[in-house]
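One structure below.
The values are calculated or read from the model by the stated rules, or taken from the named source; none is laboratory data. Fair warning: this is a prediction, and the values are worked out from it, not measured in the lab. Positions of Cβ are generated from backbone atoms using ideal geometry, with glycine treated the same way; all protein chains shown enter the neighbour counts.
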Amino acid sequence: MTIALGMTGELRKGWVGAWSPGIGDPNVMGWVTVVAYLGAAYLCFAVHRNWLASAGPTVKGRTWGPLALALLGQRRRLAALPEAVRMSALWKALAIGLLLLGINKQLDLQTALTELGKILANKQGWYERRQRVQIDFIIAVALAGLWMLCSVLLLAGRNLPRLGLALVGIVFLCCFVAIRASSFHHVDRLLGADLGGLKINWIMELGGIALVGLGAYGERRAFNRASP
């Protein structure tokens, strides 16, 4: 067990500072969000299976390669792949990403990372300069989100227009993750503020999930209509 000092010097006991594995958001909205993540992940996975089936049995097991090519920015090599292979990989990546975000909704691993940063700051003597580190971390998270978004765009290729809703949802979720990762107190207060009875963090997170889910639902319906 790790023992860390809080901002006022009090002892904070947990696995990492005040954080320990458990249910981090046990209220109704927390569980609603988890269910929303899992539902959207299921829809994305279903679309992945649709694209995989349309490509035929020869492409099974080839969806990881396009993901690696997209992350490496290999535009030409991706363009040479069949459309079904690229789209299958894209929807598979979205399904995995949503599943991981749903799991993290309750594990709250970003809090563990924040607590680890506080422990290091106290031990290494740069706690008073922590805002500079926080800003650098936010920039790194934002750049990582932009990198993943560019990878999605590469996989989409000419199918970009039909992915409009899902892409807007991805942007929403990337922004939400970047803001939550900041751990600035005034930012946390802003996310917890009410807007017409709804908290801003609910609007951003659930709105992003809903857009991705609607995009996947529309894609699945298109497949069903095209089926004989």
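Taking into account only those residues within the stretch 26-64 that are at pLDDT below 80 and polar (S, T, N, Q), which is surrounded by the fewest Cβ atoms within 10 Å (Cβ to Cβ)?
THR58
Mind listing whichever residues of the stretch 70-82 are in a helix (DSSP H, G or I), surrounded by 16 or more Cβ atoms within 10 Å (Cβ to Cβ) and modelled with pLDDT under 90?
LEU78
With respect to ILE119, is the statement that it is touching a helix residue (DSSP H, G or I) at 6+ places or on another chain (Cβ under 8 Å), among the β-branched types (Val, Ile, Thr) and modelled with pLDDT of 75 or more true?
Answer is no for this residue.
Have a look at LYS123, LYS92 and point out the one that is out of contact with any Cys (no Cβ under 7 Å at 6 or more places or on another chain), part of a helix (DSSP H, G or I) and surrounded by 14 or more Cβ atoms within 10 Å (Cβ to Cβ).
LYS92
Could you look through the stretch 148-178, keep only residues that are modelled with pLDDT of 85 or more, surrounded by 17 or more Cβ atoms within 10 Å (Cβ to Cβ) and among the β-branched types (Val, Ile, Thr), and pick out the one that is farthest from the chain's Cα centre (by Cα)?
Step by step, filter the stretch 148-178, then rank; the result is VAL152.
Kindly evaluate GLY196 against the criterion of being farther than 23 Å from GLU115 by Cα and either at pLDDT below 80 or in contact with a Leu (Cβ under 7 Å, 6 or more places away or on another chain) (or both).
Yes.
When the stretch 1-21 is examined, which residues are found to be touching a helix residue (DSSP H, G or I) at 6+ places or on another chain (Cβ under 8 Å) and modelled with pLDDT of 70 or more?
The answer is GLY14, TRP15, VAL16, GLY17, ALA18, TRP19, PRO21.
If you check ARG86, ARG130, which single one turns out to be touching a Pro at 6+ places or on another chain (Cβ under 8 Å), assigned to a helix (DSSP H, G or I) and of a type in the set (D, E, K, R)?
ARG86
Yes or no, residue by residue, for (1) touching a residue at least 40 places away in the same chain (Cβ under 8 Å); (2) more than 24 Å from HIS48 (Cα to Cα); (3) surrounded by fewer than 16 Cβ atoms within 10 Å (Cβ to Cβ):
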position: THR114; (1), (2), (3): yes, yes, no
position: ARG132; (1), (2), (3): no, yes, yes
position: ILE139; (1), (2), (3): no, yes, yes
position: LEU146; (1), (2), (3): no, no, yes
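Go through ALA144, ALA181 for me and flag whichever is at pLDDT below 80 and more than 23 Å from ALA216 (Cα to Cα).
Result of the check over ALA144, ALA181: ALA181.
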